[in-house]
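For reference, the structure is listed below as structure tokens.
The values are calculated or read from the model by the stated rules, or taken from the named source; none is laboratory data. All values derive from a computational prediction rather than experimental measurement. Neighbour counts run over all protein chains shown; Cβ positions are idealised from the backbone, glycine included.
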Amino acid sequence: MAYIERYTLTDKHIARFKKGIKDALDSANKKGFMEAEELRATIADLNEKQTGLIEKNAKGIISDTILRRQLEQIEDTLTKTNAELYKLPQNQEDIGELLDYASEYLKNPSRTWVDATFIQKLQLQWFEFPQGITFQKGKFRTGELASIFKVKDIFLPSSSSTVRDRGFEPLTLPTSRGCSTN
């Protein structure tokens, strides 16, 4: 359990995470809603064209062959447009409950593990550690972590040491002039 606890987030970081996710989803939902409106307008326009063609055929303005060909083209376009429309979410979901669960998971992943069923544990294991876990020299290791745990890097400053940007002095041969920095 201690291994996974390294990836816990504080309430402050969870709040930033929630806001970022909510903003991204709101933006995506807004784009999806606008696209759905455009697709519905296209469908209405195509339905009107179908009706207009049928009326022209009834009045003898266009032949049955032309009507059939035009209706087939419109029907093909309608099918494709409806398929695109059905790919989009039908309504904007309230993501609050999902974000609350994700927040609790990020605050205390080991508690989520303890409370999970056997099947959920299997799913969590593959989610958290896509390449599995190994135990070497008394420590747990993994080749890859789930992206959700990498979110901690966004919120916390890096604690790695860095080399100053001065660099190294080039090696100089002893001469009568002395060192290169003189």
For helices (runs of 4 or more DSSP H) lying entirely in region 1-89, having 3 or more residues that are hydroxyl-bearing (S, T, Y) picks out 11-58, 64-87
Could you list, in sequence order, all residues of region 100-141 that are in contact with a strand residue (DSSP E or B) (Cβ under 6 Å, 6 or more places away or on another chain) and among the β-branched types (V, I, T)? I133, T134
Can you pull out every residue in region 30-52 that is among the aromatic types (F, W, Y) and surrounded by 15 or more Cβ atoms within 10 Å (Cβ to Cβ)? none
Please state which one of F33, F17 is of a type in the set (F, W, Y), closer than 30 Å to R141 by Cα and out of contact with any Ser or Thr (no Cβ under 6 Å at 6 or more places or on another chain). F17
Surrounded by 12 or more Cβ atoms within 10 Å (Cβ to Cβ), of a type in the set (D, E, K, R) and more than 30 Å from A102 (Cβ to Cβ): is that true of K56 in this structure? yes
Every residue from region 112-137 that is out of contact with any Leu (no Cβ under 9 Å at 6 or more places or on another chain) and either assigned by TED's automatic domain parsing to the domain that holds F17 or aliphatic (A, V, I, L, M) (or both): V114, I119, L122, L124, I133
All positions within region 94-110 that are free of Cβ contacts under 8 Å to residues at least 60 places away in the same chain and closer than 12 Å to L124 by Cβ: Y105
